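The next block holds one structure in the form of structure tokens; read it before the comments.
The values are calculated or read from the model by the stated rules, or taken from the named source; none is laboratory data. What you see is a predicted model, and the numbers here were worked out from it, not measured in a lab. Because the Cβ atoms are built from the backbone with ideal geometry, glycine has one as well, and the counts that use them run over all protein chains shown. To get the accessible areas, we keep the full protein, side chains included, count just its heavy atoms, and leave off ligands, DNA and RNA. Shrake-Rupley method; radii C 1.70, N 1.55, O 1.52, S 1.80 Å.
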Amino acid sequence: MNTRLNNRIGASILSVLLWVIVGMIAIFGYTPPAFALEYNKEILIEADFSGRDLTDSSFTKANLRYSDFNHANLRGVSFFAANLESANLESADLSFATLDSARLIKANLTNAILEGAFASNARFDGAIIDGADFTDILLRQDEEKKLCQLAKGTNPVTGRDTRDTLFCP
């Protein structure tokens, strides 16, 4: 008899806790932190990742042509050797991301934050970088020179001038 009573009390407590959590989510819009996801070597042409929290996820060697990462949290994400041709990375946070050997040809990096990103051997031909923040990014000198020819604007989040973050003359 005592065991049944204890089970009912335990079930009631768990039920109340569940409703409290559901209520908090409804009232405060709380969403749990994202788990790092792996999309290595995936074909994700025109995929929609806009507004998503993809912190520390991996897109190594993925084909992401025309994909949408608009306003996405991409901190610490690996895009090693990924194809991001014509991808929309507008206002994305790419801080400390790995972009080594990535193809960012014609990518939209308007107002993106690339602070501390590793982009050695990345290609940015025809990329839109208005307002992008390249603070402490590791780039090849020839790519840096190409980007300086396009650089303009100030990042609305960090307040840094794009040309200054690339050390343009």
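Given a 1.4 Å probe and every protein chain left where it sits, what share in percent of the accessible area of the range 52-143 is carbon and sulfur?
Values: 1430 of 3300 Å².
With neighbouring chains kept in place, the figure for the range 52-143 is 43 percent.
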(Q) Through the Karplus equation 6.51 cos²θ - 1.76 cosθ + 1.60, θ set to phi - 60°, convert the phi angles of the range 152-169 into ³J(HN,Hα) values in whole Hz; use x for Gly and Pro. (A) 6, x, 10, 5, x, 8, 8, x, 9, 6, 4, 4, 5, 6, 9, 6, 6, x
Q: Show which lysines lie in cross-link reach of residue 41 when reach means a straight Cα distance below 16 angstrom and same-chain residues fewer than eight apart are skipped.
A: 61
Q. For residue 53, which sequence-distant residues (separation of 5 or more, or a different chain) have an amide H within less than 5 Å of its own amide H, given hydrogens modelled in the peptide plane?
A. 73
Q) Cα atoms only, the range 81-128: Rg and Dmax in Å? A) 9.4, 23
Q: Pop out the ³J(HN,Hα) list for the range 81-89 in order, Karplus 6.51 cos²θ - 1.76 cosθ + 1.60 with θ = phi - 60°, rounded to Hz; leave Gly and Pro as x.
A: 6, 7, 9, 10, 4, 6, 6, 9, 10
Q | Spatially proximal aspartates and glutamates relative to residue 146 (Cα-Cα < 13 Å; intrachain offsets below 8 disregarded) | A | 125
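Accessible area, 1.4 Å probe, largest first: how do 41, 106 sort? Spell out each step's value before the answer.
Numbers: 41 150, 106 125 Å².
The residues order as 41, 106, largest area first.
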Q | Surface accessible to a 1.4 Å probe, per residue, for the residues of the range 58-135, Å² | A | 31
**Q.** Spin-label zone in the range 141-169 - amide nitrogen under 17 Å from a point set 7 Å from the Cα of residue 121 along the C-beta vector
**A.** 141-144
Q | Scattering profile of the range 119-169 at q = 0.20, 0.31, 0.32 Å⁻¹ [log10 I(q)/I(0), Debye over alpha-carbon scatterers] | A | -0.60, -1.33, -1.38
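Please say if the range 54-143 is rounded, prolate or oblate, where rounded means a/c under 1.5 for a ≥ b ≥ c the square roots of the C-alpha gyration tensor eigenvalues, and otherwise the choice is prolate for a/b larger than b/c and oblate otherwise? Present the calculation step by step, with values, prior to reporting the outcome.
Working: a/c = 1.06, a/b = 1.05, b/c = 1.01.
Rounded, since a/c falls under 1.5.
For a test of the definition: using alpha carbon positions, the gyration tensor, and the 1.5 limit on a/c, classify the range 63-108 as rounded, prolate or oblate.
Values: a/c = 1.98, a/b = 1.07, b/c = 1.86.
Oblate, because a/c is 1.5 or more while a/b does not exceed b/c.
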Q: For the range 56-73, take each phi angle, set θ = phi - 60°, evaluate the Karplus expression 6.51 cos²θ - 1.76 cosθ + 1.60, and give the result in whole Hz per residue in order, putting x for glycine and proline.
A: 6, 6, 10, 10, 4, 6, 7, 9, 10, 4, 6, 6, 10, 10, 3, 6, 8, 8
